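Everything below concerns the one structure shown next.
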Amino acid sequence: MKDRLLPVLPVLISACLLLMLSFGYRAGFGLFMQPMSAAHGWGRDVLSMALAIQNLSWGVIAVLAGGLADRFGNLKVLLAGVACYAAGMAGMAYAASAGALIATAGIMVGAGIAGTAFGIVLPALVRAVPEERRGWALGLGTAAGSFGQFLVVPIMQTLVDAIGWFQALQWLSLSALVMALLAIPLAPYGGASDTSSPAIEASLWQILRRAFGVRSYSLLVLGFFVCGFHVAFITVHMPGYVVDLGFDAKVGAWSISLIGLCNVIGAYVAGVQSGRLPKQRILAFIYLGRVVAITAFLLVPVSLVSILVFSATMGFLWLATVPPTSGLVAVFFGTRYMTFLYGVVFLSHQLGSFSGVWLGGWLYETFGSYDGIWIAGIILGLVAAALHWPIREQDASAQLRAA
């Protein structure tokens, strides 16, 4: 087995490093909430809206990027994503109005993440490794993205402290160009090169309509909305929430970083177990675990220990949803159109992300508290567990070829 993995080792390394950077940058934007708002005289709802649009842009463009990658290969999509990412972060530094912030931190960075994140990279990993190692590869790639969150977020906070938020964004935009070099080894593993099944003589819209005819796929799409709601709200608002509780801003950075560190383990274990246990059951228990973690966090007296314990617990459950979710898409429909069909699932995730980030900012500015958004997260976690339980893990690829 090791001999079969050696030829694709450069692909595995490049993919993991690419995801580390892409998700590391993305997880740190909440660190700019307070300094940018203070510098421009904005409320938290301004940057919240821009980052909510970022998540929405990421989701919408991920569908388009997935379709293009499946039709024409992934390298051009990856390089375009890197260019948007770097330009968006640089433009974010100069944004002096809410509209400019939405255009840069929102739409451009969102497009950049769409072109460099899971939707494009994970299908390449799945195609590169033997079928029996798909769960392992998905777990490895997801864990790499989480490790980037652990590694990059503290570096971003250090840059902000040392040179200020303005120059920090400029240096980060330059460093993002490194992702272009890491994209090159993934080029042979786009959908256009996938010969596992013949191309379907149908438009992407027809393929999508047929996919939604599969009940389990529809449930998966609906359930992934909740994952986005949880993780995006916490990523963006946890640093400010911690400061509101009377802690230093560094505690917020540690919280996000600890989530990333623990998710390295959680995502990898979820990937390995996805090859052994029913994926839909894994997902249901992950969402129930989040419900327990959030409920306990609200009920226990707040302290540094409670913040770190909550962060660690959520970290184990954070992106652990990605390997079983993407694995189910591969089980349902194979890998030929996985980039596109996973992109649609991920769009639901990003609609949830938009809702969590925007609603968190709106509720805070309206009521001066995040209590409502935490309670919404508990209710939605229960709904997600119920949606995933009846999913059936079986091949439905014949549905895509039905006339």
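The values are calculated or read from the model by the stated rules, or taken from the named source; none is laboratory data. As the structure is a computational prediction, the values presented were derived from the model and not from experiment. No Cβ is skipped: glycine too gets one built from the backbone with ideal geometry, and neighbour counts run over all protein chains shown. Note: accessible area is taken over every heavy atom of the protein model, side chains too, but ligands, DNA and RNA are not part of it. Shrake-Rupley method; radii C 1.70, N 1.55, O 1.52, S 1.80 Å.
Details
- Tail weight of P(r) past 13 Å, computed on alpha-carbon pairs of region 266-329, percent: 60 percent
- Largest accessible area first, the listed residues Lys250, Lys76 line up as Lys76, Lys250 when surface is computed with a 1.4 Å probe on the assembled protein chains.
- When the alpha carbon gyration tensor of region 103-229 is reduced to an equivalent ellipsoid, the three semi-axes, largest first, read 33, 19, 16 Å.
- Each residue of region 318-323 was assigned a 3J(HN,Hα) from its phi angle through the Karplus curve 6.51 cos²θ - 1.76 cosθ + 1.60 (θ = phi - 60°); the sequence is 5, 9, 5, 6, 5, x Hz, with glycine and proline shown as x.
- Listed peptides 38-48, 363-373 by packing density, highest first (mean Cβ within 10 Å): 38-48, 363-373
- Computed over the alpha carbons of the chain, Rg followed by Dmax gives 19.8, 61 Å.
- Each Cα pair under 8 Å and six or more residues apart adds its sequence gap; the mean of these over the residue count of the chain is a relative contact order of 28 percent.
- When you count the other C-beta atoms within 10 angstrom of each residue and take the mean per peptide, 382-395, 274-287 line up highest first as 274-287, 382-395.
- Put a plus charge on the Cβ of each Lys and Arg, a minus charge on the Cβ of each Asp and Glu, and nothing anywhere else: the dipole of the chain about its Cα centre is then about 920 debye.
- Rounded if a/c under 1.5, otherwise prolate or oblate - region 314-403, Cα gyration tensor axes: prolate
- Furthest towards positive pole of dipole, Ser303, Leu347, Pro323, structure part the chain, Cβ charges: Pro323
- Estimated FRET transfer efficiency when R0 is 51 angstrom, pair Phe285-Ala187 (beta carbons, to 0.05): 0.85
- Listed residues Met89, Ala232, Leu140: farthest to the positive end of the dipole of the chain (Cβ charges): Leu140
- Accessible surface of region 249-356, 1.4 Å probe, proportion on carbon and sulfur as whole %: 78 percent
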